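I have placed the structure first, in the form of structure tokens, so that the comments after it can refer back to it.
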Amino acid sequence: MTESRVPGGDAAAVLEALAANGLKAVWAAGRAGALERALDLVRPGDVIGSGGSVTLGEIGLVDVLRAGRVRGEPVTYLDAYRKGMPREESVAARRRSLAADLYFSGTNAITRAGELVNVDGYGNRVAALTFGPGRVCVVAGVNKIVPDLHAALARIRTVAAPRNCRRLDRRTPCRDTGVCDEPACRAPDRICNVLSVIRRAPGGGDITVILVGEPLGF
Ligand code: SF4
């Protein structure tokens, strides 16, 4: 754990649980510190991929990566989320990101037991989190902490998915009602097609989780 202001309560328990699960747990008191801890993981010349994430944008990481330099050193960012980007180009960038040196992502929920819970429409993000890029970094605000897996799924259905469907202009039942209607959600726009629970660090995985002491993302 790094940073001087060590958290208490749920955050401290989650950091301990993440570490016990074989993940590298890092604390950042706020978004500025989170950006620095994320940039600490970048090596000169890295090819970097990312999941689509409001959190990564809010800490300023996406802007840094798009500029192509981290602390004066060149990096290559496989940007799959530029506004107006053709779908084929975006899918190709997501596919190439699975072989990146370093992958950044947010997460939909973290349980008190230190589990990372995510749903994906394409599955690229959960694939990258579990196997592919040599180094993975997950950034999460304390608002993502939930008691258990049941609460994680509830959070996804009532908070993360509806807000993301509105952000991404997806025509799904939850977008308008704020509540999941899974049997009715057959639209190609559905974002809950793949569910991933990382209970422990996958074999050969190098996953850092930066837990941030403020609400971030959805
Ligand atoms: S399954 Fe469909 S309606 Fe339910 S949360 Fe996911 S996108 Fe929304």
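Read-outs: derived from the displayed coordinates by stated rules, not from any lab. Since this is a predicted model, take the numbers as computed values, not measurements. Neighbour counts run over all protein chains shown; Cβ positions are idealised from the backbone, glycine included.
A few remarks follow.
- Note on region 50-67: among residues that are in contact with a strand residue (DSSP E or B) (Cβ under 7 Å, 6 or more places away or on another chain) and more than 19 Å from Val91 (Cα to Cα), the one that is surrounded by the fewest Cβ atoms within 10 Å (Cβ to Cβ) is Val64.
- When Leu116, Leu153, Leu129 are checked against the criterion of being touching a Gly at 6+ places or on another chain (Cβ under 9 Å) and either on the phi < 0 side of the Ramachandran plot or within 16 Å of the ligand (Cβ to nearest atom) (or both), Leu129 stands alone in meeting it.
- Selection of region 165-200 for residues being more than 8 Å from the ligand (Cβ to nearest atom) and buried (at least 20 other Cβ atoms within 10 Å of the Cβ) yields only Ile198.
- In this structure, Ile210 qualifies as in contact (Cβ under 8 Å) with a residue 60 or more places away in the chain, under 18 Å from Glu58 (Cβ atoms), surrounded by 17 or more Cβ atoms within 10 Å (Cβ to Cβ) and touching a Cys at 6+ places or on another chain (Cβ under 9 Å).
- Index of the failed condition, Thr107 passing every other in (1) under 26 Å from Asp79 (Cβ atoms); (2) surrounded by 15 or more Cβ atoms within 10 Å (Cβ to Cβ); (3) within 12 Å of the ligand (Cβ to nearest atom); (4) not acidic (Asp, Glu): (3)
- The set of residues from region 189-210 being more than 21 Å from Ala34 (Cβ to Cβ) and of a type in the set (Ser, Thr, Tyr) comprises just one member, Ser196.
- Against the numbered list (1) closer than 14 Å to Ala109 by Cβ; (2) near the ligand (Cβ under 10 Å from one of its atoms); (3) outside any loop (DSSP other than H, G, I, E, B), Leu211 comes up short only at (2).
- Residues in region 138-183 that are touching a helix residue (DSSP H, G or I) at 6+ places or on another chain (Cβ under 6 Å), aliphatic (A, V, I, L, M) and under 16 Å from Gly121 (Cα atoms): 1 in all.
- Extreme residue, farthest from Val212 (Cα to Cα), among residues of region 125-183 that are among the basic types (Lys, Arg) and not in a helix (DSSP H, G or I): Arg171
- Lone unmet requirement of (1) in contact with a Lys or Arg (Cβ under 8 Å, 6 or more places away or on another chain); (2) loosely packed, with under 12 Cβ neighbours inside 10 Å; (3) not hydroxyl-bearing (Ser, Thr, Tyr) for Glu88: (1)
- Residue count for region 114-138, restricted to those that are surrounded by fewer than 16 Cβ atoms within 10 Å (Cβ to Cβ) and among the small types (Gly, Ala, Ser): 2
- Flag if Thr158 is within 16 Å of the ligand (Cβ to nearest atom) and in contact with a Gly (Cβ under 8 Å, 6 or more places away or on another chain): yes
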